[in-house]
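The values are calculated or read from the model by the stated rules, or taken from the named source; none is laboratory data. Since we're looking at a predicted model, the values are computed, not measured. Methodologically, a virtual Cβ is constructed for each residue, glycine included, from the backbone with ideal geometry; neighbour enumeration extends over all protein chains shown. Just the protein is used for accessible areas: all its heavy atoms, side chains included, with ligands, DNA and RNA removed. Shrake-Rupley method; radii C 1.70, N 1.55, O 1.52, S 1.80 Å.
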Amino acid sequence: MKKKPVENNPSDTAVKNKTKYSDIYNDGWADDVELHYPEGSWHPTDDLEIMDFENTSPLPVIPEEDDEDDYADVHINVKKVSISKKNQNGARANPAGNTSAESVKKSVRRKKRKKGSRAFLIFMIVWLTALSLTIAVLLKRFYSFLEKYEATYQASRPVHEMEKLFDSYFEPRDMDSIYNMLSVKPALSAFETEEDVKQYMYSLIEDKTLSYKPTENYNEELPEYYIEADDYIIGKALFRKDPTTSLDYEFPVWYLSEMEFYTQPMEQFRITVPENYTVRVNGVVLDDTYLSSTTEISVEKEFFEPYVTSIVDFKDYEGDGLYRKPEVSILNASGNPAENIYADTENNIYSAEYEPDPADREGMEEFAIHAVSAYANYISQDLSDAELAKYFTPDNIFLYYAKNNSSRTFYTRHSSVTIENAEIRDFQAYSEDAYYCEVYLEQWMKLSYGGSEPEVVPTDCRIYVVKYNGEWKVNGIKF
């Protein structure tokens with residue numbers, strides 16, 4: 001709706017030329033002139049209200065397209081100025097109290113600016129609120145992404161798989177699971193089982209501090225770790241990427257590809273027994289496959305000939321590849337546990353002597369002591385040739401050696417001879433009809449020129465005995 005143009009009035013002319021008007025109005029020429037008005041006509045009152053045209057903006061030009069409401073909202077600001085009594089005769093002000101067009105324009109502008117500023121302020125508040133909410137949501141999502149990314153990355157590290165392997169199996173010493181996870185199982189001998197190997201493996205980590213570390217060949221594509229017990233390397237674990245699956249963000253999934261446990265079979269054995277004996281290692285009977293040699297007692301045979309030729313030979317057994325110390329048992333010809341066994345358990349070396357029947361052994365040892373006692377008394381000239389010959393085989397060469405012993409010829413005169421401290425120091429049977437025996441004894445005698453204390457003459461004799469006509473006879477002496 002178009003607005004009606006504002007009609008010109010004298011005040012508008014003054015506004016358009018306010019500089020000239022104000023100059024005239026304020027030139028001071030009528031300050032002392034008394035104005036007279038016709039009676040009954042209008043005349044200024046004592047307090048004349050005038051317009052301050054210098055400080056009042058001109059009326060604005062109202063565009064035709066502005067709404068009536070905008071035009072109606074325009075307020076004319078009039079600055080009231082009081083004129084003192086001495087200025088009551090001053091120039092006439094605008095009686096209608098109209099302001100200038102410039103003042104109206106400024107007022108409209110301020111109103112519009114105020115409305116525009118309020119709308120802009122509301123817009124900025126809404127926009128900043130929306131922006132803040134958007135940033136907060138995006139940051140939350142970003143942090144969630146970072147947390148998930150970091151968690152997924154950490155889960156994809158191969159060291160975590162090594163930790164699981166270590167904590168789940170090695171720390172609790174779960175030897176069954178560890179053994180089953182080995183890529184190559186340890187080689188087993190005929191004398192051991194998987195349980196023996198597991199016990200051996202357990203002995204390597206029992207009561208030890210376990211740890212792991214990357215090997216010198218470790219890399220991100222092929223990670224591998226050493227397994228240590230008290231800083232001694234006992235195994236190795238290798239991991240590979242699973243080609244069929246992966247974690248988020250294409251991080252790899254690792255699996256145990258190979259695992260080694262350094263099981264070195266260090267134990268071995270060597271056993272020497274008579275050929276008619278039976279040997280068991282960890283309950284397994286040794287057969288000829290473990291036989292290293294058959295030893296003939298060639299040197300000893302000459303002491304038994306010609307009366308005994310069937311001397312028992314000895315066999316040597318050897319074996320290795322054991323993880324634990326072997327348990328060795330030796331049975332004699334009768335099937336009973338052998339008694340005279342030499343055992344070097346540190347090096348797993350065992351040997352056994354041939355054992356006759358226990359009753360026979362007692363008689364063998366008793367005869368040996370009597371025979372050596374007779375030999376000692378014969379040398380000291382306390383026994384005759386006939387008495388000594390009872391203990392020897394016929395035509396024995398050692399009787400000749402005894403008779404021609406130089407010490408016997410010049411033996412010191414003595415008396416009161418007794419045999420003391422006789423003992424068997426060594427015994428070895430070679431068959432039921434032949435054995436070897438070492439006898440130690442002492443002759444106590446009083447010398448004709450000595451004091452009251454007896455003279456002690458020791459004798460250590462090694463004899464070889466055979467059965468002749470059902471009786472034991474000395475067939476040889478080793479000096």
XL table 148/198; 185/315; 164/325; 390/478; 185/241; Cα-Cα > 31 Å flagged, in table order, is 148/198; 185/315; 164/325
Once the mean of 1/r over all distinct C-alpha pairs in the range 400-447 is inverted, the Kirkwood radius in Å reads 13.6 Å
Taking the alpha-carbon centroid of each part, what is the distance from the range 317-336 to the range 139-160 in angstrom? 61 Å
Could you rank the peptides 199-210, 127-138 by their average count of other C-beta atoms within 10 Å per residue, with the highest value first? 199-210, 127-138
Rank these residues by their accessible area, most exposed first, probe 1.4 Å: 285, 466. 285, 466
Descending semi-axes in whole angstrom, ellipsoid equivalent of the range 387-479, from the Cα gyration tensor: 29, 16, 11
If you filter the range 276-359 for trypsin sites (Lys or Arg not before Pro), then keep DSSP loop positions with at most 16 other Cβ within 10 Å, what is left? 324
Could you give the accessible area per residue of the range 390-437, probe 1.4 Å, as a whole number in Å²? 60 Å²
Here, GluC sites (Glu not before Pro) of the range 334-423 satisfying both criteria (DSSP loop; at most 12 other Cβ within 10 Å) are 339, 346
Could you let me know the centre-to-centre spacing of the range 458-472 and the range 415-446, using Cα atoms, in angstrom? 10 Å
